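The values are calculated or read from the model by the stated rules, or taken from the named source; none is laboratory data. Everything numeric in this text was worked out from a predicted model, so none of it was measured. Cβ: placed from backbone, ideal geometry, glycine included. Neighbour counts: every protein chain shown.
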Amino acid sequence: MKLKQAITAAIAALACAQAAHAQTAGTFYVTSGWFHFAPQSGSDNLQLLTFAGETVNQYQPNTGARIDNADTLGLSIGYFVTDHISTELELGIPPKFDIDGADGYSQYGKIGSAKLWSPALLLKWNFLKPTDSFRPYIGVGVTRVWFTDAQITNGNFQNGVLHGPTSVSTDRSWAPVFNAGFNYAFNKHWFAGLSISYIPVSVTANLTTTNIGPFGLTAQTQAKIRLNPIVTFAKIGYAF
């Protein structure tokens, strides 16, 4: 009987040690999974900055744009500084977003597209004990947001509204990240998790239109777009 109790106790201790291994101080881990971006987007009215070299600074009423949802493959690398504090770098393949017209431009549907880059560095507080398989957490961090490959793809919008070939560039923005989620450890190495982040951020799109009219004039316009995405990350992880 004593031998049986000893074996049972040893197995229980081993199980606790295995669960704790993935969540204790000094542990590195990596995860991969599915990122879903759901922008809560809106924009200011389009602003005409210059025309033919002359300053205008005039807003165009009832104009706007919004960003559609997108999905991509995500990756994160993390480290437990203590049994409760961890840091994590979240990355992903830049998702391609469709840009749709809004308000008076909604009749054009999709007017363009762009790829979003938003690597984030998070600091997390993990609740419960490191020996628990289920551990919820909250986190806060910072991200750098910018777009690449931004372009106008709707010829009717480009010719009918902008009146000529138009190139697009965007600024880069720092933004806070507010994060919450949980991990569930299956054993000392493998775990799964789900997190939700909110990023309050805006970007400014700068449009340069050339060859307007018979004299080939140039115009500079600008639009401030509020992204404010809710980002869901469903992941599988491995702890070292």
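For this structure, a couple of remarks:
- Pick from segment 62-100, criterion surrounded by 19 or more Cβ atoms within 10 Å (Cβ to Cβ), of a type in the set (D, E, K, R) and at pLDDT below 95, ranking: nearest to residue 203 (Cα to Cα): 66
- Residues within segment 135-169 that are out of contact with any Leu (no Cβ under 6 Å at 6 or more places or on another chain), farther than 16 Å from residue 231 by Cβ and among the β-branched types (Val, Ile, Thr), tallied: 4
- Segment 187-210: number of residues that are out of contact with any helix residue (DSSP H, G or I) (no Cβ under 6 Å at 6 or more places or on another chain) and farther than 28 Å from residue 67 by Cα: 4
- Filtered residues of segment 191-203 (kept if part of a strand (DSSP E or B) and either modelled with pLDDT under 95 or not hydrophobic (A, V, I, L, M, F, W, C) (or both)): 193, 195, 197, 198, 202, 203
- Residue in segment 49-61 that is surrounded by the fewest Cβ atoms within 10 Å (Cβ to Cβ), counting only those that are on the phi > 0 side of the Ramachandran plot and assigned to a loop (DSSP other than H, G, I, E, B): 53
For (1) part of a strand (DSSP E or B); (2) surrounded by fewer than 15 Cβ atoms within 10 Å (Cβ to Cβ); (3) among the polar types (S, T, N, Q), each residue gets a yes or a no:
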| residue | (1), (2), (3) |
| --- | --- |
| 146 | yes, no, no |
| 156 | no, yes, yes |
| 168 | yes, no, no |
| 181 | yes, no, no |
| 187 | no, yes, yes |
| 205 | yes, no, no |
| 225 | yes, no, no |
| 233 | yes, no, no |
| 236 | yes, yes, no |
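- Unmet criterion (only one of (1) modelled with pLDDT of 95 or more; (2) surrounded by fewer than 16 Cβ atoms within 10 Å (Cβ to Cβ)) for residue 128: (1)
- Complete set of residues in segment 103-146 that are more than 27 Å from residue 172 (Cβ to Cβ) and touching a Pro at 6+ places or on another chain (Cβ under 6 Å): 127
- Residue in segment 7-22 that is outside any helix (DSSP H, G or I), at pLDDT below 90 and on the phi < 0 side of the Ramachandran plot present: yes
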